[in-house]
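See structure below.
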Amino acid sequence: MGADVNNGTVRLQGFDDLAAKLRAITPALRKRVLRNALAAGARLVRDDARRNVPVLSPSVRAPYRTPGLLKKSLVVRTSKDARKAGDVGVFVNVRPAKGAKYKTTTGRVLGLKVRSRSLVRASQRGAKSKLDPFYWKFVHFGTRKMAGRPFLANAARQLPAALRIFEDKVSQWFAKNNATGKVRP
């Protein structure tokens, strides 16, 4: 059993026994168990990134920035690409601000079918929005005038510990369900 950490991606090796056990349970339950275990490990990486993210000092005059917004925006998210491929995946990233929300209504005017869209909620995105952490890329990678402070890349050093948490969570789930004889998430 081992792990290869490369560019923020972990490749598991020697998990044949675990894979055989996981194949024995239903696919929906298997995905839930794996997703919860992966998320538990990813929370360790997220917490390390939150400790290392620079926080804007309130004394700095930055009218369009909220102190601590990057720290609050760091989240563990489920990978849509992995889900589409039939796999389970999570990642740690900065959650973007919410976009505009529209409501579409359909009706008839003079016998013609007409659709209209009305704005329900304005967008929270934009350079002058206090709720948009889009600038995380500039902080993390730097610019021509500013050195980068890579809080996400530095948090990747927690991936081996996150793998141990993943192993523990899956093992605990199997031990709990083997002891009770019931299959529960």
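Any read-out appearing in this document is the output of simple, stated calculations on the displayed coordinates, not a laboratory observation. Source: prediction; values computed, not measured. Cβ sites come from the backbone with ideal geometry, for glycine too, and all protein chains shown count toward neighbours.
Ranking Ser73, Ser57 by Cβ neighbours within 10 Å, fewest first, what do you get?
Ordered from fewest to most neighbouring Cβ atoms within 10 Å, Ser73, Ser57 come out as Ser57, Ser73.
Does the stretch 79-158 come out rounded, prolate or oblate by the C-alpha gyration tensor, with a ≥ b ≥ c the root eigenvalues, rounded set by a/c under 1.5 and, if not, prolate when a/b is larger than b/c and oblate if not?
Here the stretch 79-158 falls in the oblate category.
Over 18 Å between Cα atoms: which of Lys103/Lys130; Lys31/Lys84; Lys31/Lys71; Lys31/Lys169 fall into that group?
With Cα atoms farther than 18 Å apart: Lys103/Lys130; Lys31/Lys71.
Please give the peptides 142-148, 63-69, 106-112, 28-34 ranked by average Cβ packing (other Cβ atoms within 10 Å per residue), highest first, as a rough proxy for protection. The partial results should precede the final answer.
Details: 142-148: 9.3, 63-69: 13.3, 106-112: 7.1, 28-34: 15.6.
Order by mean packing, descending: 28-34, 63-69, 142-148, 106-112.
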